[in-house]
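Structure, as structure tokens:
The values are calculated or read from the model by the stated rules, or taken from the named source; none is laboratory data. Quick caveat: nothing in here was measured; it's all calculated off a predicted structure. Heads up, the Cβs are rebuilt from the backbone with ideal geometry, glycines too, and the neighbour counts pull from every protein chain shown.
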Ligand code: GDP
Ligand code: MN
């Protein structure tokens, strides 16, 4: 789950990561009042679940409360399109109005899960700011990494080694190390999958300040953070992904035209690989889960059909606990409900397979039944 910058910064402040003074505004009047409180000169920041706001016009530096109100009027109620959103963008409902910090240097600091390290790693760079992706791609020597011991956590010597690698001034080495340790503690204690500060700035008067803050939370750990669960902003999510989350279906929307219904995350990934290998493109990842009933299968299939890009469907089910007839009935129910009948290639094996095939054959739907995944993929070749 993603959270807004202002929510991330409130959490960071609790962990003694220094953030600028600021407040949230939902109207130009509020923006005006907050800017006045801050002394006029301020930064108006669109609160959306996407990065790249700076380049997309979602961050405005203003000199007066009047300008803050103007910028707020121009941003609120619009949809912001950045390189991290789809072409439709995401709605701007709130703004963070912050004191404008004098920036001497922009650094990068993040804690994230690295599959290769099989745990969290801490990444820092002296070349933070809006070009960090280019820095990572073209100047990897400017990106520094330490792997904390998962039991001991991030150690002061590791924080200092990052500071030295970035070439920070001597008086910033300790504060940086402390800040990194605090961010790491936040990451672990709040079950994050990402905690990122970009830019972490050195201010004109030589302090470290988190100008931006981003936290992603592990959905599977949210049950033990009831306070964080409330930070969810469904409006920022893809509507189909939000529906899937409500239905407890693992679904990730992609940009292809082949809708995929699969049971099991591993099988779902293998299925997407097979689709890609024959030159077709999956419209989604979907794992309906092992213990679904026909209502849940129907909801999952409704979500697939709800994507206007879906022109054909691949069903790949290995019936174990989930029976093939249950899947078949769910599919038929969804097609009837939605009133759609796209060409479907169905590969089903396992428990109650004959009954499942019979349900599909008798349904009048546009179904091609196949025996193997390779055969299914062949049918999708373009
Ligand atoms: P992002 O583009 O979505 O990552 O949004 P950021 O919060 O990182 O803002 C983009 C850029 O705006 C930063 O890299 C800074 O260069 C600039 N910026 C943001 N806040 C301030 C501020 O308080 N003072 C100054 N001078 N620049 C700022
Ligand atoms: Mn940023």
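Here are a few things to note about the model shown:
- Tally, over the range 161-172, of residues that are surrounded by fewer than 17 Cβ atoms within 10 Å (Cβ to Cβ) and free of Cβ contacts under 8 Å to residues at least 40 places away in the same chain: 5
- Filtered residues of the range 38-58 (kept if out of contact with any helix residue (DSSP H, G or I) (no Cβ under 9 Å at 6 or more places or on another chain) and surrounded by fewer than 19 Cβ atoms within 10 Å (Cβ to Cβ)): 39, 52, 54, 55, 56
- If you filter the range 42-81 down to residues that are part of a loop (DSSP other than H, G, I, E, B) and within 16 Å of residue 24 (Cα to Cα), you find that the one that is nearest to ligand 1 (Cβ to nearest atom) is 58.
- For residue 251, the conditions (1) touching a residue at least 40 places away in the same chain (Cβ under 8 Å); (2) more than 16 Å from ligand 1 (Cβ to nearest atom); (3) assigned by TED's automatic domain parsing to the domain that holds residue 7 are fulfilled apart from (3).
- Total residues in the range 143-182 satisfying the condition of being part of a helix (DSSP H, G or I) and over 21 Å from residue 133 (Cα atoms): the figure is 19.
- Given (1) in contact (Cβ under 8 Å) with a residue 24 or more places away in the chain; (2) out of contact with any strand residue (DSSP E or B) (no Cβ under 9 Å at 6 or more places or on another chain); (3) closer than 29 Å to residue 108 by Cβ, index of the condition residue 73 fails: (3)
- Selection of the range 344-373 for residues being under 32 Å from the mean Cα position of the chain (by Cα) and not in a strand (DSSP E or B) yields only 373.
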